[in-house]
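So the structure is just underneath, and the comments pick up after that.
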């Protein structure tokens, strides 16, 4: 009964979305106030119905209702309950339900938190989001119903893929989808602005916090995914340039560009056309990512061709959304004014260059991801595009952007002078060069790549400090404030920017040092054997059998010795998940500020010994720490007071730039 | 005073298995060779896995291929020869570093070309912008609007 109720709720949700799209869009373009009044309550209703439907699915999973196909295929009675919960969105069908849940959640949030936005504009925004929702609810109901029954019911389920039975995987998909789907908000803002012709600075101001918050979620989501790969796959890699990863990374790159170009649009009224285009592209890439991951096209073009229903639907939807948006863009965009004038050396130019680099980087990742698919589809042969290609292409494109990250925030709007910038940044520049040349020696060997990576990181970090220092000095001199008063009076968005940029520096340190100085040892260990790596000696003391809820296995007990003294104990496991008969390596990781000690149990050998892989990974946690700082920066920026101020009605700002 | 327990403790310390704690043998008998095997394995695709290098995979085929790479290195073949051999056997699909040839021209030249075009456009855009008196006026408009709003 519960699955049917859930199914019905989702069908009702589709009906609500249809009504909402109709009344909101027609009402807003025709100026029918009564019709527009539908959009806000409809968004809440949509969110309620979807949450209700989602809860029904969760209940089916939690209560082990194996008469539901989705539950029978992705869960098991022995599965611990947190993973039964996570299994609700572990399958294709469930993840789509999560997708629409997020979408309706964002719609409700827009309805709730956009008090300052005029009614007709809000109706347009919610109407556009409802159109997107119609596409996804139909996709869900027509091709991927998560509530389908299985008759006769299965005795027990086929279990969740063991790779997904992990705490990281419980929160990774919701975070990632929050980000992915969150870009639909700024997309809707852009389309609404194009339709109404009000592409002004207020539009940019409304869009900015939504973009930033979605970006922060996406950052966390990607970082969690990478962290999960690091500890779950058993060999300590953290990024593989896998198409699935790229699918989430492309919207991230474009979203990053979008945040920066929205800044220019809001502050200077420039880049309006570009910002709108970027908003469309970013959301389109989110949709493309969904298509790539959900259509099966990634595993093989042929898998897509044999079961084309889902793929064709979402491809058609993608083409419709992108096509319609671009047509609207081509029709409306030329009517937009140019915005503020600026010189070649100015913050606008720096941000433009940042946009160019980020977008070209995203385009290159797109090229590398889709190229093998195109070649295969055209019958020109099968090729693989992997890390060697992406490293070779991505790093040279991003390096100048890292350099600009130091200069951009300290340069002036409209017109900056090179001597002035040089004066401000010369110490940061000299110190970063010298320290990047010397620092590698403290780690052991000197290498060009390490030195180059550190150069960028130190440069970004120091330029941030110089920036903060200059701002504070100006304030205490010019406005006669005390130091702490100046610190307190700088806006949160400024600190958010610094925090995110420092996050990038921290991230680069992590990547550079772990690539440069990682040590790996593959050994054959018997009981009592030791393996020495760095300062650590690892001794295998015992092996014991493991009896988990839905797996069996072996657990090693390893003593970690420093100078002969035991400092820690680690317990790597090898599990065999009984239902799917899948072996999993549960690495033991000792996390530290400057290094991770990573032990993974390989295969047993005939003489009773085990293959053991030990890694010493210097500064690897800085990778995710950096990503966390970036996301924190985004959240800080959104908490800025002026957005709360902006939520009050503002009269007279509209049309200021539209008239130019 | 040496107590009984201490003696037992000492005996255990010397006679227990840990007193013979010996360094576990490396899986690879020749670490230099193994490093070369790994470097090559990192660029070869495990054809039966879902997007994994043979270095990262423990699948049967991956292990076989790694052994084969090791044997070929021992026989004195170099990296290019081994890769050529793999390509001959499995096609370009086995290489994660796609070779530069007719069908991959767009792939390799694309990013550079895009970068070039994008920069050409933006420099043109900035040049035009910095000369545009109209735009200048609108920037003043914004400043004036800002000032008005603050009041």
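In the condition set (1) surrounded by fewer than 17 Cβ atoms within 10 Å (Cβ to Cβ); (2) at the interface with another protein chain (Cβ under 10 Å from one of its Cβ atoms); (3) modelled with pLDDT of 90 or more, residue B:85 is compliant with all but (2).
Of all residues in region A:338-352 being more than 7 Å from chain B (Cβ to nearest Cβ) and in a helix (DSSP H, G or I), which is surrounded by the most Cβ atoms within 10 Å (Cβ to Cβ)?
Of region A:338-352, the ones more than 7 Å from chain B (Cβ to nearest Cβ) are A:345-348, A:350-351.
Pick out the ones that are also in a helix (DSSP H, G or I) and you get A:347-348, A:350-351.
On the way: A:347: 22, A:348: 30, A:350: 22, A:351: 25.
Per the criteria, the residue is A:348.
Looking at region B:107-129, is at least one residue more than 10 Å from chain A (Cβ to nearest Cβ), outside any helix (DSSP H, G or I) and without any contact (Cβ under 8 Å) to a residue 24 or more places away in the chain? Looking through region B:107-129, none of the residues is more than 10 Å from chain A (Cβ to nearest Cβ), outside any helix (DSSP H, G or I) and without any contact (Cβ under 8 Å) to a residue 24 or more places away in the chain. Looking at residue A:57, is it in a helix (DSSP H, G or I) and touching a strand residue (DSSP E or B) at 6+ places or on another chain (Cβ under 9 Å)? Against the criterion (in a helix (DSSP H, G or I) and touching a strand residue (DSSP E or B) at 6+ places or on another chain (Cβ under 9 Å)), residue A:57 qualifies.
Only one entry in A:327, A:322 is touching a residue at least 40 places away in the same chain (Cβ under 8 Å) and more than 7 Å from chain B (Cβ to nearest Cβ), namely A:322.
For (1) touching a helix residue (DSSP H, G or I) at 6+ places or on another chain (Cβ under 8 Å); (2) crowded, with 24+ Cβ neighbours inside 10 Å; (3) within 11 Å of another protein chain (Cβ to nearest Cβ), each residue gets a yes or a no:
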{"residue": "A:236", "(1), (2), (3)": "yes, no, yes"}
{"residue": "A:254", "(1), (2), (3)": "yes, yes, no"}
{"residue": "A:257", "(1), (2), (3)": "yes, yes, no"}
{"residue": "A:263", "(1), (2), (3)": "yes, no, no"}
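Can you tell me which residue in region A:531-565 is farthest from residue A:445 (Cα to Cα), limited to those that are touching a helix residue (DSSP H, G or I) at 6+ places or on another chain (Cβ under 9 Å) and within 10 Å of chain B (Cβ to nearest Cβ)? If we take residues in region A:531-565 being touching a helix residue (DSSP H, G or I) at 6+ places or on another chain (Cβ under 9 Å) and within 10 Å of chain B (Cβ to nearest Cβ), then A:541 is farthest from residue A:445 (Cα to Cα).
Of the strands (runs of 3 or more DSSP E) lying entirely inside region A:515-607, not one contains at least 3 residues that are on the phi > 0 side of the Ramachandran plot, touching a residue at least 12 places away in the same chain (Cβ under 8 Å) and crowded, with 16+ Cβ neighbours inside 10 Å.
Listed residues A:444, A:379; which is at positive phi, surrounded by fewer than 21 Cβ atoms within 10 Å (Cβ to Cβ) and assigned by TED's automatic domain parsing to the domain that holds residue A:470? Answer to the check: A:444. Scanning region A:225-251 for residues that are closer than 15 Å to residue A:172 by Cα, part of a helix (DSSP H, G or I) and in contact (Cβ under 8 Å) with a residue 60 or more places away in the chain yields A:226, A:227, A:228, A:230, A:231, A:232, A:247, A:248, A:249.
Considering only residues that are surrounded by fewer than 22 Cβ atoms within 10 Å (Cβ to Cβ) and either more than 7 Å from chain B (Cβ to nearest Cβ) or closer than 19 Å to residue A:267 by Cβ (or both), which ones fall in region A:355-373?
If we filter region A:355-373 for residues that are surrounded by fewer than 22 Cβ atoms within 10 Å (Cβ to Cβ), which is where we start, we get A:363, A:366-367, A:370-371, A:373.
Across region A:355-373, the qualifying residues are A:366, A:370, A:373.
The values are calculated or read from the model by the stated rules, or taken from the named source; none is laboratory data. For clarity, every value in this text was computed on a predicted model and none was experimentally measured. We place every Cβ from the backbone using ideal geometry, glycine too, and count neighbours over all the protein chains shown.
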